[in-house]
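Engineer: Sharing a structure below in structure tokens format, with a few things to ask.
The values are calculated or read from the model by the stated rules, or taken from the named source; none is laboratory data. These figures come from a predicted structure and were not determined experimentally. Cβ placement follows ideal geometry from the backbone for every residue including glycine, while neighbour counts extend to all protein chains displayed.
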Amino acid sequence: MGLRLTAGVIVILAITSSALAATARLTLPGHDSALQDLQIRTLEPPSPKYVNFRPLIGILSQACHACPGKSYVAAAYIKWIEQAGGRAVPIRFYSSDEELVRLFKSINGLILPGGLTDLWLDDPYVVAASKLVKMAEAENAAGNVFPVWGTCLGHQLLQILAANTSYNELLVQTDAVSHPSTVEFSDVAKSSKAFATMFSKRPDLVQQMQNPEANIVMENHEFGLPPAHYTLWPKLNDTFDILTTTKDRKGIEYVSTIEHKRFPFFGTQWHPEKPPFEFSDLTIPHTHDAISVSQHLSNLFVDFARQSAHLPESKEEELAMLVYNYRAVFTARDIVMEPSYDGPDITYFLDGEESELEGLPPFVFTKFN
């Protein structure tokens with residue numbers, strides 16, 4: 001698939017109808033020619049602050065086994081984006097480099113979701129995530145806003161990519177599956193992009209996130225990254241600020257919220273998408289405060305996405321990208337019916353046969369991060 005460079009005209013607030021699309025060239029060492037030739041469609045000038053009120057957010061799919069599809073996206077991440085005014089675009093982790101480039105030029109942000117994928121550096125999922133994150137780094141370094149969010153497994157993955165080491169070296173075992181908990185804020189959290197507004201306008205939420213009687217922070221993972229590893233792997237300390245830490249049931253401390261020092265990249269070991277949208281796990285908090293925290297963070301992320309001027313080539317391409325082209329399955333009911341189920345309530349399966357969806361074979365999500 002050839003790469004194409006286009007100029008378009010768009011009307012967004014103060015940007016006039018004669019504004020032409022400009023391009024920015026990125027060079028990504030270590031990737032093939034498709035990535036070397038990456039050219040990003042953007043609006044020029046990128047002013048005012050918000051240049052896109054129809055943001056598209058890419059969500060990297062994950063492999064699933066014995067299920068009606070080659071990969072999946074949990075619907076809670078889609079809804080989390082939608083509650084802030086964004087639209088979800090599934091990105092298959094097995095996409096070609098040309099496809100990754102095409103999608104990246106069209107989306108305005110990226111989510112690396114939680115899940116159960118292995119995080120070896122040569123795993124296809126990690127390789128695809130690495131390529132997308134490098135594109136995002138280059139885009140931001142060139143002065144063009146492009147946010148990245150990692151939840152749980154995605155939070156771990158952002159740190160693994162920064163440290164350039166496998167998860168078995170960086171992470172430790174934790175007892176935090178189905179564990180509503182708290183966070184301890186670091187000194188830099190108050191001035192961070194993620195929490196500055198919460199500290200100034202919603203100090204009650206800050207207090208509740210630390211309140212062991214409220215436990216509004218939903219943890220659900222088997223591994224975590226100890227804060228001390230930021231000293232052992234200097235690249236981590238050079239790349240991210242630790243905003244919060246959390247302790248598991250046995251008192252093991254791990255990094256629970258991070259923010260990139262330069263770019264709008266964020267990671268939470270905990271799940272802000274679960275309180276409003278997941279109900280199978282009875283330990284998930286659904287209080288007003290838990291949902292307010294979720295809304296704060298999705299608003300934060302999508303707000304950065306509104307500052308990205310990436311555009312699809314056409315209306316037809318835009319519609320074809322959206323997750324609504326795929327069938328959602330009520331997995332908590334149709335595929336598994338057991339008290340211990342902790343997978344997604346609703347799941348979008350990609351590249352499956354319709355007959356598989358109709359049959360709904362037995363399928364179990366386990367060991368979610």
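Engineer: Looking for something in contact (Cβ under 8 Å) with a residue 60 or more places away in the chain, surrounded by fewer than 19 Cβ atoms within 10 Å (Cβ to Cβ) and small (Gly, Ala, Ser) - is there at least one such residue anywhere in region 283-301?
Structural biologist: Yes, that holds for at least one residue.
Engineer: Right, something else. Filter region 80-136 down to residues that are touching a His at 6+ places or on another chain (Cβ under 8 Å), part of a loop (DSSP other than H, G, I, E, B) and over 18 Å from Ser308 (Cβ atoms), then give me how many there are.
Structural biologist: 1
Engineer: Sticking with this structure for a sec: Go through region 163-195 and give me each residue that's in contact with a Lys or Arg (Cβ under 6 Å, 6 or more places away or on another chain) and over 23 Å from Phe279 (Cα atoms).
Structural biologist: Ala163
Engineer: Test each condition in (1) surrounded by 22 or more Cβ atoms within 10 Å (Cβ to Cβ); (2) within 23 Å of Arg54 (Cβ to Cβ) for Gly115 and report the one that comes out false.
Structural biologist: (2)
Engineer: Would you please name the residue that is farthest from Asp303 (Cα to Cα), looking only at residues in region 189-212 that are among the basic types (Lys, Arg) and free of Cβ contacts under 8 Å to residues at least 40 places away in the same chain?
Structural biologist: Lys190
Engineer: Only one residue in His286, His310 is closer than 17 Å to Arg87 by Cβ, in contact with a Phe, Trp or Tyr (Cβ under 8 Å, 6 or more places away or on another chain), of a type outside the set (Val, Ile, Thr) and modelled with pLDDT of 95 or more. Which one?
Structural biologist: From the options His286, His310, the qualifying one is His310.
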